[in-house]
C-alpha cells in the first residue's frame, strides 16, 4: 500500500453500510452501524448508574449491553426482527401502510409539576407501548388501530418518543424535546389514548 493510498472505509458486518468513527457502536467482536443500532435500542438500552468517589461525591457511569453481544448474536436478533417485519407486512400490509410491534406495555401517571397540568391530565393512566416500527412511519397525533388477537381497537397516538438507548422514558417525557415522528426500523415508546387492552406481541397499524 502506498504512502498516500486511500484507506478503505469500515463497513457494518450486518448490513454492509459504510461507517465512520461517529456512526458506529462497538460490540464484542467489532462494530455495527447506527442504522442497525436503531433496530436494537429499546430492547438493549444503555444502563446508567452512580458510583461513589473517595471524596463523597458521585459520578455517573454507563453500561451498553450491546458491547457484550457478538456479530452473530446481533445478526440473529436483527434477522428475527426483519422476519417479523415481513410477516406483518404480508398479513396486514394491504390494510395498514405503517405497522408497529409491541414488546413491552405499561401505564403512566405523570406529575403536573413535571409535565404541566394539562399534559398530566391528558396522559394520566394512559398506556405506553415500547416496540419497533416494522413498516412505514408513525407521528404524534396519528389515528391508529390496535390489532389484538382477532379484534381491532381504534385510538389516537398521544405521543411518540424514539428510544435513543441513553435517555430513560421518564426523562424524555419530562423534557418533551424529542422527535414526534419515527420510521421503520426504529424502536420507540408510543403513548396511546387507552387504559388497557394492549399486550406484548400486539400490532399497531396506521
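Some points to look at:
- Matching entry among 166, 146 (being at pLDDT 95 or above and either over 16 Å from residue 98 (Cα atoms) or in contact with a strand residue (DSSP E or B) (Cβ under 8 Å, 6 or more places away or on another chain) (or both)): 146
- Any chance residue 77 is within 25 Å of residue 167 (Cβ to Cβ), surrounded by 16 or more Cβ atoms within 10 Å (Cβ to Cβ), modelled with pLDDT under 95 and outside the structural domain of residue 26 (by TED's automatic domain parsing): yes
- Conditions (1) surrounded by 17 or more Cβ atoms within 10 Å (Cβ to Cβ); (2) in contact with a helix residue (DSSP H, G or I) (Cβ under 6 Å, 6 or more places away or on another chain); (3) over 25 Å from residue 205 (Cα atoms): number failed by residue 112: (1)
- Of everything listed in (1) exposed (fewer than 12 other Cβ atoms within 10 Å of the Cβ); (2) in a strand (DSSP E or B); (3) not assigned by TED's automatic domain parsing to the domain that holds residue 191, the single unmet condition for residue 54 is (2).
- Scoring residue 124 on the criteria (1) in contact with a strand residue (DSSP E or B) (Cβ under 7 Å, 6 or more places away or on another chain); (2) surrounded by fewer than 16 Cβ atoms within 10 Å (Cβ to Cβ) leaves a single failure, condition (1).
- Of residues in region 21-39 being outside any strand (DSSP E or B) and without any contact (Cβ under 8 Å) to a residue 40 or more places away in the chain, the one nearest to residue 185 (Cα to Cα): 34
- For region 151-167, taking the residues that are in contact (Cβ under 8 Å) with a residue 60 or more places away in the chain and more than 17 Å from residue 138 (Cβ to Cβ), the one that is surrounded by the fewest Cβ atoms within 10 Å (Cβ to Cβ) is identified as 166.
The values are calculated or read from the model by the stated rules, or taken from the named source; none is laboratory data. Computed from a prediction, not measured in an experiment: that's the story for all the values here. Note that we place each Cβ from the backbone using ideal geometry, even for glycine, and neighbour counts take in every protein chain shown.
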